[in-house]
Amino acid sequence: MRIPCPFCGSRDSQEFSFLGQAGLKRPDPNAPDAQKQFHDYVHIRDNKAGVTKELWLHANGCRSWITVTRNTLTHEITGSEFASPLTKEAAQ
Amino acid sequence: MRYSVFSIVEQAFKGQKDWKPVWRYPEPKAEYDMLIIGGGGHGLATAYYLAKNHGYTNIAVIDKNYLGSGSVGRNTTIVRSNYQEPGNIPFYEHSLKLWEGLEQDFNYNAMMSQRGVLNLYHSDSQRDDYARRGNAMMMHGVRADLLNREQVHEIVPFMDFDNARFPIHGGLMQWRGGTARHDAVAWGFARGADSRGVDILQNTEAKQIRVENGKVTGVETSRGFIKAKKVGIVAAGNTTRIAETAGLRLPIESYVLQAFVSEAIKPLIPCVVTFGAGHFYISQSDKGGLVFGASLDYYTSYAARGNLPGVEDTIEEAMAIMPSISRVKLLRHWGGIMDMSMDGSPIIDKTGIDGLYINCGWCYGGFKATPASGYCLAHLMATDESHPVATALKLNRFETGYVIDEAGTGAQPNLH
């Protein structure tokens, strides 16, 4: 599997490490239902069969966090972008 | 149906053409007392024990493919109970005890072979860790033997004891562990359930679990709606896809695990051996092939096929402990989808929806748990109470903080 890194170009997947589902938001610890929100944040995942957005770290490359769009049924990768808006801005 | 020397001789003269089917291919009834989603080892075992221990016979097991087409036929066939967490040991020991009497129980040859499971250690600190694990097992009444280098050498002299990076200092042995013929386990449970009146519906895909007023009413399948008072989800890697149709979100991610078989060689490995410095396990089948596997492919997948980095990693680990097999050819390798839970331990519990039960999170240790998993889910579905050995395997343990994390890696399923 090859992953298109927005900075380095197409690279072997072994250069990357996988974190999991993208777009999880750390809950507000002062919210009244913070305990439930943190439970969901830490433990509950969509685990979608199909197209997902997930976080990968280009650990043995440019060390950027990237958001990869990948199909978990076929392993086909259809897109990638810098996960952080700051990195995105700096690259432009 | 019974098998004997005479039936084999008889069939030899008949050109093997007179064997009868072992289970029926029934049409789905409109309504069942209980419906099990998933016709793998755990689902069939659940139906078997529901019929045998609790007297339920109006049950169906549905599977989207043929019987035993998933992970029950895609594993490395290892059976053991050498765990260290208090919530896990009684459960897996119950399972091993069931394994020991299983062939007599369902009257089918599952080729259960208690040849021993040997975990190698490669450093002083790892020896201490394994001693601790052995002590934890013994405190629950499970025997473990801590072996030194010489004792291990007597059992597996062909290992690379003086490897520069990972010398073998000894091992933790569970003699009662071993291997079993995985397909036969599924067939044995299937025959046992079928002969007690359980309908096994193959090629029947669960599309949607129907819930009304917080109570389960049945399952929409590819062969129409089937009404059921109680439904058990035993769908392994596809658990979250099915649970989602009932509005459940679970602490599960699906990953691929690969397993490998080499060409057959003469008897070499007398027991199951695991590599302590990585994650690699190897045994030899009765046919002579070396059966082995290693870690997961490290990203989520439903593809049921592996990627080459996983193959390379496995072979490297094999070479680190057994360079003697470097010229042995690989015959086949395959991938199965694992339902990886957030703490690496399974879940057998109610769901908050009346009549809907869940049995998932087997990670890559589901095969050894097959009998106890079915036994405990059957107990839960019949009595609405957790079986005494499965009281820790709750769905809400992630909220209460009582997680059972054998590896101590936290809520990152691909690291367990």
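Across segment B:278-287, a minimum of one residue is classified as away from every other protein chain (no Cβ under 14 Å), open to solvent by 20 Å² or more (accessible area, probe 1.4 Å), among the small types (Gly, Ala, Ser) and touching a residue at least 12 places away in the same chain (Cβ under 8 Å). Can we say B:Arg249 is in a strand (DSSP E or B), of a type outside the set (S, T, N, Q), in contact with a helix residue (DSSP H, G or I) (Cβ under 9 Å, 6 or more places away or on another chain) and more than 30 Å from B:Ser123 (Cβ to Cβ)? Answer is no for this residue.
The residues on offer are B:Ile168, B:Ile78, and the sole one that is touching a Leu at 6+ places or on another chain (Cβ under 6 Å) and either over 25 Å from B:Gly336 (Cα atoms) or not small (Gly, Ala, Ser) (or both) is B:Ile168.
Filtering segment A:21-38 to residues that are more than 21 Å from B:Asn414 (Cα to Cα) and within 11 Å of chain B (Cβ to nearest Cβ) leaves A:Gln35, A:Lys36. Within segment B:302-309, is there a residue that is part of a strand (DSSP E or B) and open to solvent by 10 Å² or more (accessible area, probe 1.4 Å)? Within segment B:302-309, none of the residues are part of a strand (DSSP E or B) and open to solvent by 10 Å² or more (accessible area, probe 1.4 Å). Of everything listed in (1) away from chain A (no Cβ under 14 Å); (2) open to solvent by less than 20 Å² (accessible area, probe 1.4 Å), the single unmet condition for B:Thr239 is (1). Of everything in segment B:392-416 that is of a type in the set (D, E, K, R) and in a helix (DSSP H, G or I), the residue that is nearest to B:Gln258 (Cα to Cα) is B:Arg397. Every residue in segment A:44-68 that is away from chain B (no Cβ under 13 Å) and either closer than 16 Å to B:Ala411 by Cα or among the aromatic types (Phe, Trp, Tyr) (or both), please. Answer for segment A:44-68, where residues must be away from chain B (no Cβ under 13 Å) and either closer than 16 Å to B:Ala411 by Cα or among the aromatic types (Phe, Trp, Tyr) (or both): just A:Trp65. Looking at (1) more than 8 Å from chain B (Cβ to nearest Cβ); (2) assigned to a strand (DSSP E or B); (3) of a type in the set (Ser, Thr, Tyr), which is the one condition that is false for A:Tyr41? A:Tyr41 satisfies all of (1) more than 8 Å from chain B (Cβ to nearest Cβ); (2) assigned to a strand (DSSP E or B); (3) of a type in the set (Ser, Thr, Tyr) except (2). For A:Arg63, the conditions (1) charged (D, E, K, R); (2) under 24 Å from B:Met342 (Cβ atoms); (3) open to solvent by 70 Å² or more (accessible area, probe 1.4 Å) are fulfilled apart from (2).
Being in a strand (DSSP E or B) and surrounded by fewer than 24 Cβ atoms within 10 Å (Cβ to Cβ) is the filter here, so list the residues in segment B:44-98 that pass it. Scanning segment B:44-98 gives a single hit, B:Ile78. Considering segment B:253-263 alone, what residues qualify as being in contact with a Leu (Cβ under 8 Å, 6 or more places away or on another chain) and either buried (at least 22 other Cβ atoms within 10 Å of the Cβ) or hydrophobic (A, V, I, L, M, F, W, C) (or both)? B:Tyr255, B:Val256, B:Leu257, B:Phe260, B:Val261, listed by residue number. Within segment B:398-411, the residues that satisfy the criterion of being more than 21 Å from the chain's Cα centre (by Cα) and at the interface with chain A (Cβ under 10 Å from one of its Cβ atoms) are B:Phe398, B:Glu399, B:Thr400, B:Gly401, B:Gly410, B:Ala411.
When B:Val219, B:Val261, B:Val291, B:Val273 are screened for being touching a residue at least 24 places away in the same chain (Cβ under 8 Å), more than 30 Å from B:Lys329 (Cβ to Cβ), away from chain A (no Cβ under 14 Å) and assigned to a strand (DSSP E or B), only B:Val219 passes. Residue-level check: of (1) under 20 Å from B:Arg74 (Cα atoms); (2) open to solvent by less than 10 Å² (accessible area, probe 1.4 Å); (3) within 14 Å of another protein chain (Cβ to nearest Cβ), B:Leu250 misses just (1).
Applying the condition of being surrounded by 24 or more Cβ atoms within 10 Å (Cβ to Cβ) and in contact with a strand residue (DSSP E or B) (Cβ under 7 Å, 6 or more places away or on another chain) to segment B:369-392 and asking which residue is nearest to B:Glu85 (Cα to Cα) yields B:Ala390. Among the conditions (1) more than 8 Å from chain B (Cβ to nearest Cβ); (2) touching a residue at least 60 places away in the same chain (Cβ under 8 Å), the only one that A:His75 does not satisfy is (1).
The values are calculated or read from the model by the stated rules, or taken from the named source; none is laboratory data. The model shown is predicted, which means the values in this text are computed figures rather than measured ones. So basically every Cβ, Gly included, is an ideal-geometry build from the backbone, and we count neighbours across all protein chains shown. Calculation scope for accessible area: heavy atoms of the full protein, side chains included, ligands and nucleic acids excluded. Shrake-Rupley method; radii C 1.70, N 1.55, O 1.52, S 1.80 Å.
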